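Below is one structure, written out as structure tokens; the observations come after it.
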Amino acid sequence: MLSNLNQDVRYALRQLRKSPGFTTTAVLTLALGIGANTAIFTLVHAVLLRNLPVADPSTLWRVGDTDVCCVQGGLARDDDYSMFSWELYKHLQANTPEFEQLAAMQSYPWKMTVLGNKPGALAQGVPVSFVSGNYFETFGLDPYAGRLLTPADDVPGAPPVAVIGYQTWQREFGGDKEIIGRVFQFKTYPATIVGIAPPGFYGERMIESPANFYMPFSLEPVLNGQAALLHSKNANWVYVIGRVKAGTPIAPLQEKVSANLRQWLGENLDLYKKADVKKHLDATHVILTPGGAGIANMQQQYRSGLYLLMTISGLVLLIACANLANLVLVRSIARAAETSLRMALGAQRSRILRQMLTESLVLSMIGGVAGLAVAYGGTKMLLSLAFPDSPNLPIHASPSLPVFAFAFVLALVTGIVFGLAPAWITAKAEPAEALRGSNRTASGNASLLQRSLVVLQASLSLVLLVGAGLLSKSLNRLEHQHFGFQTDNRIVMHIDPESAGYKPAQLQGLYDEITEKFHAIPGVQQVGLGGYSPLEGDSWGEGVWVQGHPDPGTDEDNGARWLRTSPEFLDLIGQRLLRGRYISTEDTASAPGVAVVNETFVKKFFKPGEDPIGAHFGTNGPASKGDFSIIGVVKDAKWGDPREVANPMYFRPLLQTAVSQKDGELRSLHTGTIMLRTNAPIVGLESQARRILASINPNLPVDYYSTFEDQIAGQFTQDRMIARLTMLFSGLALLLAAVGLYGVTAYMVARRTSEIGIRMALGAARGSVVAMVLRGALLQALIGLAIGIPVALLCGRFVKSQLYQVDGHDWIVLTGATLALALAAMVAGLVPARRAASIDPVQALRTE
């Protein structure tokens with residue numbers, strides 16, 4: 001068997017070497033098809049299929065199953081808990097001995113100012129995550145150098161310590177092991193670096209900005225002071241992952257954890273604002289989910305898009321296989337006489353079939369190797385499209401062992417798919433008929449197969465063209481919708497005054513100085529400060545109680561988003577005033593509480609015709625209804641998800657606190673955003689901004705700098721990637737379908753050369769010959785359309801979740817895709833048709 005296999009492979013290589021044109025075309029087609037699939041699988045494997053680089057990930061279980069972030073109060077939405085307070089985590093840890101370890105981690109790393117102790121070092125705003133002392137122990141990790149955190153580090157009064165991530169250590173400190181033992185300033189508080197996390201470990205989840213440092217939870221009150229969350233029982237900000245003991249059944253454990261949750265909530269009913277919250281306790285629960293991949297929020301976000309791309313690239317590969325099958329079939333028919341002679345001399349059909357299959361497999365393996373090169377470049381392109389502003393994301397373009405295995409299996413299957421039918425038809429040929437030049441049966445079967453493959457290509461190409469059209473139209477509507485803002489010549493910057501050590505009493509002076517110094521820059525028209533900027537994925541939310549209105553019921557949605565802003569902020573971003581006034585400089589911390597609301601807020605909380613100006617409301621239960629007076633109404637704008645309608649929102653002065661909850665609002669006083677409006681683009685503005693903030697305080701770096709336009713465009717990165725790749729794949733599919741139709745039509749013209757010569761000798765006009773050939777080509781395209789249109793309409797239902805304001809049965813897109821395919825078929829058929837019309841009748845008759 002090995003000897004025969006060796007002979008077959010050597011024979012296949014000789015045959016491929018004899019036909020360099022065919023081999024080059026086939027390898028390029030395979031490289032594109034296999035490479036595209038492998039590139040997308042590389043991303044799928046890295047995002048969706050990879051476990052955390054920890055010990056025995058199969059025994060890890062997450063307590064929770066939903067994507068929530070970052071600080072919630074009261075009962076969880078839909079009574080399904082996935083995020084917890086620190087006190088609730090400690091309760092679960094103490095009452096579930098079925099877990100060997102139960103670790104807690106912050107719901108999302110916070111940006112905080114970190115300053116090293118080297119001379120000349122500058123403060124940087126970097127992500128830092130608070131974790132429980134048993135965090136690294138739960139994951140079974142060993143330090144690269146020094147030591148990791150231990151439970152002894154996570155107790156009040158323990159010496160302040162931190163662990164640095166391996167990638168951060170390499171990137172920012174050049175792999176200097178002397179960093180261990182150094183004291184860094186975290187939010188101006190000292191902590192000693194005691195160790196370096198192991199290589200490859202990027203935390204408990206895949207996110208675009210992994211934590212640079214890990215600190216024990218016990219330091220959170222020290223660093224955050226009055227705004228600390230650690231001992232706030234109604235602040236849910238902790239994710240929980242545990243390692244379950246061997247042999248523990250998960251279903252009973254899930255019920256036990258849910259019972260412990262309900263017990264704790266029942267003992268703390270006084271924390272919640274709604275008096276009848278007790279009736280929800282019976283429904284409150286948690287779901288345990290496999291934790292080998294960690295907190296899979298990014299996986300949930302990208303899953304549907306990546307699977308869609310995998311399906312689309314698979315269709316492109318199928319079209320490529322159909323094209324290659326046509327090429328191999330034509331080549332096999334051209335070698336029919338040689339095959340028949342071998343069979344007449346005693347060669348077995350099985351041996352010939354095996355040799356032809358071996359040739360196809362060798363060809364596909366060569367294409368697979370070329371496809372890996374395409375996949376490497378393709379993956380880099382995918383990463384730049386999917387995560388353009390995330391250089392620290394732990395996803396790399398280098399193919400891994402699973403990717404190599406995928407490419408090998410894909411090449412193997414591809415070789416079988418495009419090689420089996422041609423090999424079977426050729427091997428079934430009768431030697432005697434072939435030697436007499438009369439192998440009509442095989443040629444007829446081959447022609448039928450060729451036409452069928454062209455029909456398949458045409459129908460699949462139409463499906464991809466329709467999908468690309470729908471996604472592109474959806475992206476266009478997403479990007480060019482009216483958000484309610486003005487974006488031209490606007491700049492967004494992020495700072496962190498809290499990390500720089502500013503206390504609430506010092507903030508007014510800081511904000512005034514920032515406003516004054518940025519106004520002094522030539523060309524700057526307006527300076528605004530706010531808690532966050534539009535469409536950056538951040539928000540604060542509270543329930544609303546309106547004075548003079550009935551209290552909301554238990555199940556009634558009375559929530560609204562809110563934001564602290566400076567006087568110029570709303571006008572700067574272009575959120576137009578409809579009634580009343582904006583926040584002004586008179587609305588100081590000591591002035592009566594005021595708020596500006598949007599249209600949706602008015603529609604939700606006021607009856608039609610009811611005047612909201614002067615009305616009062618609060619956010620801390622019925623007793624807080626006098627906290628804020630409404631002074632203005634602004635037009636709606638989209639601050640959250642750009643796919644959704646505008647949320648009810650209200651805007652408050654930067655430093656005013658509600659009378660009913662002064663201490664509870666300290667955390668929100670530290671604004672994180674500076675926005676500038678300029679006359680025109682200012683050269684070197686970012687450098688000026690950094691110098692200004694450094695002159696105010698060296699511990700106040702710019703954590704983020706972007707134009708407002710770029711920030712909004714960044715909201716559609718995934719949609720843009722999917723739309724562009726789908727358009728690329730559909731264009732490739734259309735090209736392959738056109739090439740396939742051209743090849744079949746040219747082959748048919750070559751077979752009918754004598755017939756065409758006779759027709760022309762008997763007086764047939766050249767135009768009638770062109771029409772005859774075109775009819776044959778267009779008929780195959782029309783059959784493909786007849787099959788593809790209903791399939792495309794059906795598939796539109798499956799991509800509907802990816803679309804925005806576009807119906808899955810968009811007839812404009814369908815018509816455009818149909819015309820594109822018809823035009824491609826016309827061009828593909830016209831070239832061989834004109835060649836047929838130029839045949840010399842005398843020469844054609846002699847060819848017989």
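The values are calculated or read from the model by the stated rules, or taken from the named source; none is laboratory data. For clarity, every value in this text was computed on a predicted model and none was experimentally measured. Note that each Cβ is placed from the backbone with ideal geometry, even for glycine, and that neighbours are counted across all protein chains shown. With ligands, DNA and RNA removed, areas are computed over all heavy atoms of the protein, side chains included. Shrake-Rupley method; radii C 1.70, N 1.55, O 1.52, S 1.80 Å.
Local charge sum around residue 396 (other residues, Cβ-Cβ under 15 Å, Lys/Arg +1, Asp/Glu -1)? Value of the local net charge: +2.
Students often check this: by mean Cβ neighbours within 10 Å, which of 50-56, 540-546, 314-320, 504-510 ranks highest, and how do the rest follow?
Highest-to-lowest ranking by the protection proxy: 314-320, 540-546, 50-56, 504-510.
In the structure shown, the pairs 604/638; 603/638; 604/635; 187/233 are assessed against 22 Å; a Cα-Cα span above that value is assigned to 187/233. Along each principal axis, taking the top coordinate minus the bottom one, the Cα set of region 579-638 gives 33, 28, 22 Å in descending order.
Does region 458-546 come out rounded, prolate or oblate by the C-alpha gyration tensor, with a ≥ b ≥ c the root eigenvalues, rounded set by a/c under 1.5 and, if not, prolate when a/b is larger than b/c and oblate if not?
Cα axes put region 458-546 in the prolate bin.
A protection proxy built from the mean count of other Cβ atoms within 10 Å ranks the segments 820-832, 99-111, most packed first, as 99-111, 820-832. Residue ranges 302-308, 210-216 sort as 210-216, 302-308 when ordered by packing (mean number of other C-beta atoms within 10 Å per residue, highest first). If eta is 0.890 mPa s and T is 25 °C, what Stokes-Einstein diffusion coefficient results for region 110-219, Kirkwood Rh from Cα pairs, in µm²/s? In µm²/s, the coefficient is 177. Rounded, prolate or oblate: pick one for region 581-683, where a ≥ b ≥ c are the square roots of the eigenvalues of its C-alpha gyration tensor, a/c under 1.5 means rounded, and failing that, prolate if a/b is larger than b/c, else oblate. Oblate. With 0.36 nm allotted per residue and the present C-alpha distance subtracted, the residue 588-residue 613 stretch has 7.1 nm of extension available.
Out of the DSSP beta bridges found with both residues in the chain, what percent are antiparallel (nearest 5)? About 75 percent, rounded to the nearest 5. Using a ≥ b ≥ c from the Cα gyration tensor of region 705-790 (square roots of the eigenvalues), is it rounded, prolate or oblate, where a/c under 1.5 gives rounded and otherwise the larger of a/b and b/c decides, a/b for prolate? Prolate. Size of region 752-812 from its Cα atoms: along the principal axes, largest to smallest, the extents are 60, 18, 13 Å. Once the gyration tensor of the Cα atoms in region 489-643 is diagonalised, the equivalent ellipsoid follows with semi-axes of 29, 18, 16 Å, ordered largest first.
Could you let me know the centre-to-centre spacing of region 300-331 and region 563-635, using Cα atoms, in angstrom? Using only Cα atoms, the two centres lie 54 Å from each other. Compared with the rule-of-thumb size 2.2 N^0.38 Å for a compact globular protein, region 121-184 has a Cα radius of gyration ratio of 1.18. As a calculated quantity, the FRET efficiency between residue 576 and residue 398 at R0 = 60 Å, using C-beta atoms, amounts to about 0.75.
May I ask you to compute the full-extension gain from residue 11 to residue 233, defined as 0.36 nm times their residue separation minus their alpha-carbon distance, rounded to one decimal in nm?
Separation in residues times 0.36 nm, less the Cα-Cα distance, equals 72.4 nm.
Using every pair of distinct Cα positions in region 86-171, the Kirkwood expression returns a hydrodynamic radius of 15.0 angstrom.
Across region 208-241, the residues whose backbone nitrogen lies under 15 Å from the label position 7 Å along the beta-carbon direction of residue 505 are 226. Here each label is just a point 7 Å from Cα along the line to Cβ, and for residue 750 and residue 811 those points are 4.4 nm apart. For residue 137, the solvent-accessible surface with a 1.4 Å probe is about 100 Å², rounded to the nearest 10. Taking a point 7 Å out from the Cα of residue 479 in the direction of its Cβ, the residues of region 643-660 whose backbone N falls within less than 18 Å of it are 643. Computed per residue of the chain from DSSP H runs no shorter than four, each worth -39500 (n - 2.57), the mean residue ellipticity at 222 nm is -15500 deg cm²/dmol. Sorted from longest to shortest, the spans of the Cα atoms of the chain along the three principal axes equal 105, 62, 59 Å. Give me the angle, in degrees from 0 to 90, between the Cα long axis of helix 507-519 and the longest principal axis of the Cα atoms of the chain, rounded to the nearest 10. Between helix and principal axis, roughly 50 degrees.
For region 120-221, the relative contact order works out to 41 percent when only alpha carbon pairs closer than 8 Å and six or more residues apart are counted. For the chain, the longest principal axis of the C-alpha atoms and the axis of helix 440-479 are separated by about 20°. Available extension along the chain between residue 24 and residue 420 is 140.5 nm, counting 0.36 nm per residue and deducting the alpha carbon span.
Each Lys or Arg adds one and each Asp or Glu takes one away; over the other residues whose Cβ falls under 15 Å from the Cβ of residue 200, this sums to +1.
Considering all C-alpha pairs of region 1-151, those separated by over 27 Å amount to 56%.
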